[in-house]
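The values are calculated or read from the model by the stated rules, or taken from the named source; none is laboratory data. Computed from a predicted structure; not experimentally measured. So basically every Cβ, Gly included, is an ideal-geometry build from the backbone, and we count neighbours across all protein chains shown. Heavy atoms of the whole protein, side chains included, go into the accessibility calculation; ligands, DNA and RNA do not. Shrake-Rupley method; radii C 1.70, N 1.55, O 1.52, S 1.80 Å.
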Amino acid sequence: MKYNFNEIEAKWQKYWAENQTFKAENNSDKPKYYVLDMFPYPSGAGLHVGHPLGYIASDIYARYKRHKGFNVLHPQGYDSFGLPAEQYAIQTGQHPAITTEDNIKTYRRQLDQIGFSFDWSREVRTSDPKYYKWTQWVFIQLFNSWYNNDSDKAEAISELISIFEKEGNVTVDAACDDTVEAFTAENWNGFTPEEQQEILLKYRLTYLAETEVNWCPALGTVLANDEIVNGVSERGGHPVVRKKMTQWSMRISAYAERLLQGLETIDWTDSLKESQRNWIGKSVGASVTFNVIPTERHTERSRSASDEESNDEMLNQVQHDKENCHSALDAESTCHKIEVFTTRPDTIFGASFMTLAPEHELVSQITTPEQKAEVDAYVEATAKRSERDRMADVKTISGVFTGAYAEHPFTKEPIQIWIGDYVLASYGTGAVMAVPCGDQRDYDFAKHFGIDIPNIFEGVDISEEAFADKDNTIIANSDFINGMNYKKATKRVIYELEQLGQGEGKTNYRLRDAVFSRQRYWGEPFPVYYKNGMPQMIDVEHLPLELPEVEKYLPTETGEPPLGNATKWAWCTKTNTVVSNDLVTLSAVEGSQDNGVYPLELNTMPGWAGSSQYFNRYMDPQNDEAIFSQEAINYWQQVDLYIGGSEHATGHLLYSRFWQKFMFDLGLVGHDEFAKKLINQGMILGTSAFVYRVEGENKFLSKGLIDGQNVQPIHADVSFVNSSDELDIEAFKNWRPEFKDAEFVLEDGVYKVGRDVEKMSKSKYNVVNPDNICAQYGADSLRLYEMFLGPLEQYKPWNTAGITGVHSFLKKLWKLYFDDNGLKVTDVAPTKDNLKTLHKTIKKVEEDIENFSFNTSVSTFMIATNELTAQKCTSKEILEPLLVLVSPYAPHIAEELWSALGHTESISTADFPIFEASHLVESSKEYPISFNGKMRFKLELPLDMSKEEIEKTVMAHERTQAQLQGREPKKVIVVPGKIVNIVG
RNA sequence: GCUGAAGUGGUGGAAUUGGUAGACACGUUGGACUUAAAAUCCAAUGGCCAUUAUGGCCGUGCGGGUUCAAGUCCCGCCUUCAGUACCA
């Protein structure tokens, strides 16, 4: 009987589907195990061989865990909202739902043909209203919550309201907007409902705010930071500009510290954790407030300073200024304060100037009339430069003196205030105290503009560059912290600043709140309507709020998002239904009665909304009453193994952790991390093929002939090339008309192509479709080969030529069970060698799977098959358990042979064979005998031989004597069971 | 610049606590079968030198070091890939 893989694979895929073999129950006597893949966006291009890599790995693990007696949850679904379907709709008018449905069909067919053990009964699609109902629900929960820094968790907004009613907001320590002002209970109770709502919005975990966003004009939408690569949009490569817009935001910054600390508790790769740490960007230091010296006072003083009058007088003057600040109310003498953040408060006595970002709000207010023209010009020039320009041009030092001075908090000396574009408005407070001796950028700036560089480090030379090594420093020239190290000095400075009321210890995070609005059609609608301009949530019981139909998927002519095209997109609060826009209350304009109909939100949610809780929804995907039942979450708890690409490091994987922590705070999930272990699969690259066209001619030179020739490499489709890099010239000629009459210069009778490893992409003609591989070699070969290519996490090139290796392995495996006369497996007792091969294989494969070293177990299978073939093994006692070992990797052939051995149940229910060490016990060892560390020959010796005897036997051996040539060895090292080394 | 990962034959890669470097494949070469091809099977295959079978030298990015013994450990470099970037 022949190994007919196409027939076998179709048969078992059908069997698994019909018998729901991989359906997981939400309770079981077995221990649970949850294996998750990052669900795909169903793109129109379908899958290429790179896509299933992670799915194959997770499938092997899931199948292995089933053999090991676990109740395994291994679901799959689609992240089906997204831009490509919308772009297609814009071009063709086809509804994105239809495009998406078609694409999903293709994906499903392609996934099915690879033989995954997914529980498809739990499929979710983010664009399905039954699913996004719960995305909207989470949004409402976030809206109804605030972050209490005292309890360090999210709490109900209703509790916050009752605190405000009783105590105002002064006792509340919340993660909230900076612009919140203090109010008392009386104040609160006196506010209008609109005023109250406006204040509450500054506390909610999702809030509306005017934010500076990344606006992509070409796409007509806002992009998140992680959707921008090198200053242009990730999709399409369009330019991105900064723009102020009112947008929904997520207060992820409230969770910065917990997101950072949580990394310690999860088994994710170091590089991924490091990416998240950098993204969160925690810096510990102090905030320091510098008082700006009012202009007229300063002018007076600079005159007196130049006259070298006494310090006392200056101090008096400053004292006077200070008092003035407290009492002065007239605009002229308003005392400005500049708050800075520093990680090095210990260097404060080295601060010889300050720098503000050009966009800093104080710039226009403190600039002196003499400097105004120059400052304005600089501010304008900076604003014109794009972020990209500024990034590319790091080396140029630029800045302008504002003419204003700030007062050093301790020395009370005036220090110059400059503006410079090396200070970023978006980080910290947009202002720095510049310490040129301790920071290279400040140093360069000071050198460039001839500003003082006082040295506050003991015994350190700063004539060439700044000294930033804080651990090996003793502070000098710094008043009360002289002689202290970094740690002590920092503590003391913070203490003194607090005494002055001019600073405190502070921790700063780089992590920004996440903009949550997108100006797109194909995303989740917000469950939000606007009453008097204030956002209101639709009651949960009326969800989902489904996407409206629109005629056009582009932004409206007035610049509103695509949902602005919908004519039926208003919310009637009486019927709790979506109604026509015509019915919207016009009270504000015409004084008419409020009829309870209000406009709905026009933005939709971003791509990551739907993927931030999907892993929990899989636990109970059909539940209509709750996002998931408590029974389901208590049973499955969290993802045990998550496999996916590292490109989601700071997007999906951070947002999901944030939502999970929020769900934890609400008491809905038992773990505040959703995935215990995470593995990033590496990318599979393409092996591109090149032909070489002679410049200016329609003539191609074979690879070996191009040296010194003026040729242009052109991508040829990889399907035209065989395993020996020879081009199918006819196929190539027929590929495109311009090659029809091309001339080919051959070497050794063939045309050889050049090869190079590149990312798989259509434009490089190196994309390999799994459909073709499955048809030609079978899914089991595809699965084995993907694993055999190399370590899971590594980037590695695909070369279809190599698949014949694993394919012929499967044929050899088949031949262990079948020959021309049919099944040849017998009940004959296994030999010692048979058992040794089997148990060696069990041990290795089990270890490999536990270590996710799938490539090496494929080798192990090959070795086992080669050995058993050589041993002419037909023993069922060996060949039956062997199938269970192979089954996670090549499930179809395993099922087929398993049933041929007489089993009626799927092999997936079989127990994993148990390793017995007794079969591997050896009585002798072939010792490598080395001289000065170099192996020269081998010697078979009994393993129970003593060290002394081994030495004696080896030394007596003729080849040892031949090696030594009469020399006396200095030393003989004998490691029993391992090696003998003779030194001399 | 910083952070992380990695550099091993013609290629993908293996070597689990320092102990026989190159497992397993691809490719290549030679052979068997065949009219031929495919498929299958057998043999060789890190480089250099020598050759009568026995052998010798070099070899895991580079330079040092530790050790009886280093791909593996330590120090200093180089290169590649990825992330991040004037983060105060």
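Compare A:ILE714, A:ILE907 by solvent-accessible area with a 1.4 Å probe and give them largest first, with all protein chains kept in place.
Sorted descending by solvent-accessible area, the residues read A:ILE714, A:ILE907.
Rounded to the nearest 10 Å², what accessible area does A:SER271 show when all protein chains are kept and the probe is 1.4 Å?
Approximately 80 Å² of A:SER271 is accessible to the 1.4 Å probe.
Which cross-chain or sequence-distant (5 or more) residues have an amide H under 5 Å from the amide H of A:MET683, H modelled 1.01 Å from N in plane?
Hits under the 5 Å cutoff: A:TYR795, A:LYS796.
Between 0 and 90 degrees, rounded to the nearest ten: what's the tilt of helix A:832-850 against the longest Cα principal axis of chain A?
10
Can you pull the accessible area of A:GLU631 for me, 1.4 Å probe, Å² to the nearest 10?
Rounded to the nearest 10, the figure is 140 Å².
Along each principal axis of its Cα atoms, how long is the range A:105-186 end to end? Whole angstroms, biggest number first, please.
Principal extents (largest minus smallest coordinate, Cα): 67, 22, 22 Å.
Take the solvent-accessible surface of the protein heavy atoms, probe 1.4 Å, and return the percent of it on chain A that carbon and sulfur atoms account for.
Heavy-atom surface of chain A belonging to carbon and sulfur, 1.4 Å probe: 48 percent.
Considering only Cα-Cα distances, which of the following residue pairs are longer than 30 Å: A:LYS243/A:LYS762; A:LYS759/A:LYS843; A:LYS130/A:LYS273; A:LYS30/A:LYS824; A:LYS815/A:LYS840?
A:LYS243/A:LYS762; A:LYS759/A:LYS843; A:LYS130/A:LYS273; A:LYS30/A:LYS824
Around A:ASN485, under 15 Å between beta carbons, what's the net of Lys plus Arg minus Asp minus Glu among the other residues?
Residues near A:ASN485 contribute +2 overall.
With point charges of +1 on the Cβ of Lys and Arg and -1 on the Cβ of Asp and Glu, referenced to the Cα centre of chain A, which listed residue (A:PRO606, A:LEU941, A:VAL172) lies farthest in the positive direction of the dipole?
Farthest towards the positive pole: A:LEU941.
For a quick protection proxy, order the peptides A:40-47, A:416-423, A:174-181 by their average other-Cβ count within 10 Å, most packed first.
Ranked from most to least packed, the peptides come out as A:416-423, A:40-47, A:174-181.
Nearest 5 percent is fine: what portion of the DSSP beta bridges confined to the range A:635-789 is antiparallel?
For the range A:635-789, the DSSP antiparallel bridge percentage is about 65.
Computed on alpha carbon atoms, what radius of gyration and Dmax characterise the range A:907-958, expressed in Å?
When restricted to Cα atoms, the range A:907-958 yields Rg and Dmax of 18.1, 57 Å.
If you filter the range A:492-598 for GluC sites (Glu not before Pro), then keep DSSP loop positions with at most 15 other Cβ within 10 Å, what is left?
Listed in order of number, the matching sites are A:GLU546, A:GLU549, A:GLU551, A:GLU557.
Over the range A:692-799, calculate the relative contact order: mean separation of alpha carbon pairs under 8 Å at least 6 apart, over the residue count, as a percent.
Reported as a whole number, the value is 25 percent.
How large is the charge dipole for chain A, taken about the Cα centre, if only the Cβ atoms of Lys, Arg (+1) and Asp, Glu (-1) carry charge, to the nearest 20 debye?
On the way: 99 positive and 144 negative charges, 855 e Å.
Its charge dipole is roughly 4100 debye.
Using a Cα distance threshold of under 28 Å, what count of lysine pairs results for the range A:456-580 when pairs must be 8 or more residues apart or interchain?
Lysine pairs, 8 or more places apart or on different chains, close enough: 11.
Note down the net charge around A:ASP102, summing +1 for each Lys or Arg and -1 for each Asp or Glu among other residues with Cβ under 12 Å from its Cβ. The partial results should precede the final answer.
Working: positive: A:LYS105, A:ARG108, A:ARG109; negative: A:GLU101.
Once all neighbours under 12 Å are counted, the net charge is +2.
In the full protein assembly as shown, how much of A:GLU958 is accessible to a 1.4 Å probe, in Å² to the nearest 10?
140
Share of antiparallel DSSP beta bridges in chain A, in percent to the nearest 5?
So the antiparallel bridges amount to about 80 percent of the total.
Between the range A:3-74 and the range A:601-667, how far is it from one alpha carbon centroid to the other, in angstrom?
21
Against the longest alpha carbon principal axis of chain A, how many degrees, from 0 to 90 and to the nearest 10, is the axis of helix A:311-327 turned?
So the inclination is approximately 90 degrees.
If A:TYR509, A:TYR443 are ordered by their accessible area, calculated over protein heavy atoms with a 1.4 Å probe, which sequence runs from highest to lowest?
Working: A:TYR509 50, A:TYR443 5 Å².
Result of the area sort, largest leading: A:TYR509, A:TYR443.
Quick one: helix A:486-500 against the long Cα principal axis of chain A, what's the angle to the nearest 10°, folded into 0 to 90?
Tilt relative to chain A: about 30 degrees.
How large is log10 of I(q)/I(0) for chain A at q = 0.05, 0.06, 0.08, 0.09 Å⁻¹ when the intensity is taken from the Debye formula with one equal scatterer per alpha-carbon?
The Debye formula, applied to the Cα set alone, gives -0.46, -0.65, -1.03, -1.18.
Using +1 at the C-beta of Lys and Arg and -1 at the C-beta of Asp and Glu, which of A:THR367, A:ALA476, A:ILE397 has the Cα lying farthest in the positive direction of the dipole of the range A:347-503?
Ranked along the dipole, the leading option is A:ALA476.
What number, rounded to the nearest 500 deg cm²/dmol, is the helix-based mean residue ellipticity at 222 nm of chain A, given -39500 (n - 2.57) per DSSP H run of at least four residues and division by all its residues?
Roughly -10500 deg cm²/dmol at 222 nm, from the helical runs in chain A.
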